[in-house]
Amino acid sequence: KPIVEIDSIFFRNSAQVKMGFRFEGAETMYSWNHNAFQKYEEVIQLKKSGILFAKNVKKDFIESELVHLSVIKVNTFLDEAGIKITPEANENYSGQGNTTLIDQIKGSFNFRDGNWCGFQDSLIHINLELKESKKIEKVFISTLTDITSSIFKPISLELYINGEKIKEQQWSAEKNLGVKEYNIIPLSFMPTSAKSISLKIGNMTEVPKWHPNRGAKPWIFIDEIIVD
């Protein structure tokens, strides 16, 4: 599969994407937001939120695995927002405090890099109070999956706007030890004027039986919440 490098998954103005693959005669093809694939020839400038897909192709060869990358153009909605998290992040993985989740800095695969908040609780409440009401239509939650390290994707999400539940999603737990990936989870809804935004994030009660750490408390790691 192609090597895809981006200067920032979260960006204010634009993001630059570079792709590479060294194999004579092979070409890297990309698609933006499910449009037709085209040949990659130079650095790509992205100026809006979306999903980039990439693959390598060569005559008489099977196409490579498809790479996908979500990027998000951020705004100033949360620059001065108040944030409360209950219960607080684990003291060993508390980032730079609660504002870690609204500082627009993407965490790396090293969950100890100071840009992640880690939780072992079965339910995490996050409340955001905007400085003034804004019309919004999407909330993104950025999390990490690292199954070997007992870090799982949330199993449920509930979204409340001004105290009213407007969105709910659920997922099954991943069952592959080799999975290590970023998850940017979008919650979309009809445009709504919001002053208060609340999230309830559900975690498994224990690591599944098939995992070497079975019975231990599983982790959820969150590095960012973005409102659009």
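Of note:
- Restricting attention to the chain, close to 95% of DSSP beta bridges with both partner residues there are antiparallel.
- Taking the empirical scaling 2.2 N^0.38 Å for compact globular proteins as reference, the chain has a Cα radius of gyration ratio of 1.09.
- Projecting the Cα atoms of Tyr40, Val57, Gly20 onto the charge dipole of the chain, computed from C-beta unit charges around the Cα centre, puts Val57 farthest toward the positive end.
- Set of segment 120-153 residues, backbone N closer than 16 Å to the point 7 Å along the Cα-Cβ line of Gln170: 123
- Within the same chain, lysines fewer than 8 places from Lys59 are excluded, and of the rest, those with a Cα less than 25 Å from its Cα are Lys1, Lys18, Lys39.
- The chain, accessible surface, carbon-and-sulfur percent (1.4 angstrom probe): 46 percent
- Two-decimal ratio, segment 40-166, of alpha-carbon radius of gyration to 2.2 N^0.38 Å: 1.31
- For the chain, leaving out every one of the trypsin sites (Lys or Arg not before Pro) that falls in a DSSP loop and has at most 12 other Cβ atoms within 10 Å, the longest unbroken run is 113-174.
- Stokes-Einstein diffusion coefficient of segment 33-114, Kirkwood radius over Cα pairs, 37 °C, 0.692 mPa s, in µm²/s: 197 µm²/s
- Sorting Leu123, Leu187 by accessible area puts them as Leu123, Leu187; the probe is 1.4 Å, largest comes first, and only protein heavy atoms count.
- Our estimate of slack between Asp146 and Lys1, defined as 0.36 nm per intervening residue step minus the Cα-Cα distance, is 50.1 nm.
- Sequence-separation-based contact order of segment 100-162, relative, with Cα cut under 8 Å and 6+ spacing, percent: 17 percent
- Pair Glu24, Asn162: separation of 7 Å Cα→Cβ label points (nm): 6.6 nm
- Taking segment 64-149 and dividing mean pair separation by its residue count, relative contact order in percent (alpha carbons under 8 Å, at least six apart): 34 percent
- Relative contact order of the chain: 20 percent, from C-alpha pairs under 8 Å at least 6 residues apart in sequence.
- Probe 1.4 Å, all protein chains present, accessible-area order of Val57, Val227, largest first: Val57, Val227
- In plain terms, the chain from Val57 to Thr205 could stretch by 48.9 nm, reckoned as 0.36 nm per residue minus the Cα-Cα distance.
The values are calculated or read from the model by the stated rules, or taken from the named source; none is laboratory data. What you are looking at is a predicted structure, and each value in this text was computed from that prediction instead of being measured. Positions of Cβ are generated from backbone atoms using ideal geometry, with glycine treated the same way; all protein chains shown enter the neighbour counts. Accessible surface is based on the protein model in full, side chains and every heavy atom, while ligands, DNA and RNA are left aside. Shrake-Rupley method; radii C 1.70, N 1.55, O 1.52, S 1.80 Å.
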